[in-house]
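In what follows, a single structure is set out as structure tokens and then discussed.
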Amino acid sequence: AKSAPDSRYTLQGAEVLDKATRLIWKRCSEGQQWDVVTNTCTGLADTFEWSSALMLADGQWRLPNIKELFSLVEIACFEPAINIVAFPDTPNGLFISSSNQRWHINFSDGDYGSTNPGEKYVRLVRNQ
């Protein structure tokens, strides 16, 4: 069974509402842009050090904590382990959380863990 089926999400253009957590996510990873014509993310995702990722918060958007980020993992998918209808063109790689500069989710396989600090991908979230 899918852990994050399409029915869990309300697509809102460049944003998506997760009805299970009541959080609104950017559909594209940071560095990518939402294309309204093709309904997908274009460009390459950027990677950020933890301190730089935290600075992407603008009062509306913020870096998710590890539990929020882990809620996006789709256990039925691999490379990437995320719902690709809600989150198209998600890179297979480590996404950083606000919880700690070492904590990440690997959206290649959905695993979570701790690694050396370094540049990782970013997906921003906001409260509904």
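The values are calculated or read from the model by the stated rules, or taken from the named source; none is laboratory data. Owing to the predicted nature of the structure, the values given are computational and were not obtained by experimental measurement. Note that each Cβ is placed from the backbone with ideal geometry, even for glycine, and that neighbours are counted across all protein chains shown. These accessible areas exclude ligands, DNA and RNA; they are computed on the full protein's heavy atoms, side chains included. Shrake-Rupley method; radii C 1.70, N 1.55, O 1.52, S 1.80 Å.
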Cα gyration tensor, the stretch 1-56 - rounded (a/c under 1.5), prolate or oblate:
oblate
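Can you tell me how the stretch 55-100 classifies by the Cα gyration tensor, rounded, prolate or oblate, using a/c under 1.5 as the rounded cut?
Cα axes put the stretch 55-100 in the prolate bin.
Compute the signed sum of charges (Lys and Arg +1, Asp and Glu -1) over the other residues within less than 10 Å, Cβ to Cβ, of Pro88. Don't jump to the answer; show the numbers that get you there.
Details: positive: Arg27; negative: Asp35, Asp89.
Around Pro88, the surrounding residues sum to -1.
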Local electrostatic count, Leu17, Cβ distance below 13 Å [Lys/Arg +1, Asp/Glu -1]
+3
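Relative contact order for the chain using alpha-carbon pairs under 8 Å, separation at least 6, rounded to a whole percent?
Reported relative contact order: 30 percent.
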If you work out volume of the Cα convex hull per residue in Å³ from the coordinates, which of (1) 94; (2) 120; (3) 253 do you get?
(1)
Could you tell me which Cys residues in the chain have no other cysteine's Cβ under 4.7 Å from their own Cβ, answering none if every one has a partner?
Cys77
Prolate/oblate/rounded label for the stretch 89-128 (Cα gyration tensor, a/c 1.5)
oblate
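Over the chain, what percent of the accessible surface lies on carbon and sulfur atoms, probe 1.4 Å? Mind showing how you got there, number by number?
On the way: 3250 of 6440 Å².
For the chain, the apolar C and S fraction of the accessible surface comes to 50 percent.
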Which whole-number value in Å² is the accessible area per residue of the chain, probe 1.4 Å?
50 Å²
